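Here the structure is laid out as structure tokens; the discussion comes afterwards.
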Amino acid sequence: KPPIIVREFAQLLGLKPFKLISELMEQGVFASMNQTIDEAVAIDLAAKHDIVLEVKHRGEGQTPGQQQPTKKDIAKQKEKAAEEDEANLEPRPPVVCILGHVDHGKTSLLDTIRKANVVSGEAGGITQHIGAYQVSNDNGKISFLDTPGHAAFNKMRARGAQVTDIAILVIAADDGFKPQTDEALKYIKDAGVALIVAINKMDAKGANIDQVKTQMQQRDIASEDWGGETITVPVSALKGDGIDTLLEMIQLQAEVLELRANPQAKASGVIIESQLEVGRGPLATVIVQRGTLRVGDAIVCGKEWAKVRAMFDDQGKNVKEAPPSTPVRVIGWSGTPESGSTFTTVKNARAAEDMAEEEADKQKGQVTSKAAEPKEVSVEALF
Ligand code: GTP
Ligand code: MG
């Protein structure tokens with residue numbers, strides 16, 4: 001990507017450089033005329049001036065030394081992508097995130113839905129990462145993200161809530177609302193995603209559904225049968241009760257949301273997690289949001305890039321392509337890409353490597369900004 005230089009960026013926005021510098025300062029970013037600023041900062045600032053900023057990638061119609069794109073160019077480009085999307089939009093499966101307090105039965109619920117057994121393999125029975133799965137039934141596919149309920153993993157919960165269409169808030173009937181239930185609810189509300197409450201452990205001694213519904217009412221998410229709007233399904237992950245109803249509710253909600261994406265587009269999506277695996281090198285669990293990701297594609301994500309060497313589904317099976325809403329594990333990375341960041345497909349490995357390198361250089365030469373942390377969050381929120 002071309003670096004965003006303060007002087008040129010000011011020109012693009014139609015501002016005097018000193019005006020831009022003072023606006024940057026207000027955001028805690030201190031940069032002089034000839035310094036570069038972070039793309040995220042630039043996007044935010046441009047938005048304040050009602051300009052949608054799209055930084056053109058090298059190799060995408062821009063030769064080095066060519067002029068920065070004008071406002072008109074940018075608007076046109078956006079329009080074109082939108083038109084292309086509009087013509088090719090197809091229904092896509094919902095991405096459903098399971099959130100809730102530790103031990104309330106999130107993984108068990110998914111195990112029952114998948115008829116798998118993940119819980120028994122977890123250290124101390126505690127989930128410590130985001131699991132990504134896809135199930136298919138008669139009504140189509142559903143992609144699920146399992147999140148940890150342990151207090152320490154708040155970032156993962158927030159990230160989970162942000163990349164989803166529908167959130168399932170799991171509340172144990174014998175325990176009610178707990179700190180991480182409330183924390184998860186806050187992320188769900190902040191992300192503006194659809195909410196379904198699953199009251200789990202209905203089989204347990206001391207299960208008290210009325211208490212949970214009272215607590216829901218107190219939090220302005222009253223259950224439908226209590227005059228509110230929240231779809232609420234009592235379930236037992238252990239016995240399998242209520243699971244079919246829960247799946248039906250997810251499908252219904254997904255229909256209401258009319259989820260669609262363009263499978264023909266160049267793939268882009270979000271890094272759910274990444275790790276280093278002995279023998280395989282860096283590995284990233286990604287969720288494709290737009291387009292179809294294929295083995296052999298060149299993708300770039302921040303300062304890392306990949307020529308997709310292989311992709312695996314949640315069963316560890318090799319897959320050749322991943323259409324919209326599909327979670328896959330991708331190998332072939334230069335390093336571990338940052339969780340929560342977005343990836344995009346580019347022309348070829350060469351372009352991907354160049355862009356990643358440029359990003360790495362930029363990060364090195366970057367002015368330290370107080371705004372860096374919150375900015376990261378707002379970029380995630382874009383998706
Ligand atoms: P974290 O991922 O660590 O936050 O936990 P979790 O929400 O995934 O809970 P998990 O599925 O690991 O279940 C925690 C405990 O609750 C396990 O011992 C499960 O067997 C038990 N459990 C889960 N669902 C039910 C249920 O429907 N009824 C009863 N009685 N126990 C359940
Ligand atoms: Mg779990």
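The values are calculated or read from the model by the stated rules, or taken from the named source; none is laboratory data. On a predicted model such as this, the values are computed, not experimentally measured, just so you know. With ideal geometry, Cβ positions are generated from the backbone for all residues, glycine too; neighbour counts draw on all protein chains shown. Side chains are part of the model used for accessible areas, which takes the heavy atoms of the whole protein and leaves out ligands, DNA and RNA. Shrake-Rupley method; radii C 1.70, N 1.55, O 1.52, S 1.80 Å.
At a glance:
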item	result
Count - residues of segment 236-275 that are within 22 Å of R329 (Cβ to Cβ) and either in contact with a Ser or Thr (Cβ under 6 Å, 6 or more places away or on another chain) or assigned to a helix (DSSP H, G or I) (or both)	9
Test: residue in segment 272-293 that is over 23 Å from H129 (Cα atoms), open to solvent by less than 60 Å² (accessible area, probe 1.4 Å) and either in contact with a helix residue (DSSP H, G or I) (Cβ under 6 Å, 6 or more places away or on another chain) or of a type outside the set (A, V, I, L, M, F, W, C) (or both)	yes
Residue match in segment 206-227 (condition: open to solvent by 30 Å² or more (accessible area, probe 1.4 Å), of a type in the set (A, V, I, L, M, F, W, C) and within 16 Å of ligand 1 (Cβ to nearest atom))	yes
Restricting segment 254-271 to residues that are buried (at least 18 other Cβ atoms within 10 Å of the Cβ) and either β-branched (V, I, T) or at pLDDT 95 or above (or both), the residue that is farthest from the chain's Cα centre (by Cα)	I271
Answer residue from segment 176-235, given it is acidic (D, E) and either part of a loop (DSSP other than H, G, I, E, B) or under 27 Å from the mean Cα position of the chain (by Cα) (or both) and is farthest from H101 (Cα to Cα) among those	E229
Scope segment 241-253; condition near ligand 1 (Cβ under 10 Å from one of its atoms) and open to solvent by 30 Å² or more (accessible area, probe 1.4 Å); matching residues	D241
Flag for S108 being touching a helix residue (DSSP H, G or I) at 6+ places or on another chain (Cβ under 9 Å) and closer than 18 Å to D241 by Cβ	yes
Qualifying residue in segment 348-364 (condition: in a loop (DSSP other than H, G, I, E, B) and either under 26 Å from R157 (Cα atoms) or of a type outside the set (S, T, N, Q) (or both))	no
Tabulated pairs, segment 107-128, first touching a residue at least 40 places away in the same chain (Cβ under 8 Å), second within 11 Å of ligand 2 (Cβ to nearest atom) and β-branched (V, I, T), C-beta under 7 angstrom, 6+ apart or interchain	S108/V119; L109/I98; L109/V170; D111/V118; D111/V119
Output for segment 118-148, where each listed residue is open to solvent by 30 Å² or more (accessible area, probe 1.4 Å), near ligand 2 (Cβ under 10 Å from one of its atoms) and within 23 Å of the chain's Cα centre (by Cα)	V118, I126, Q128, H129
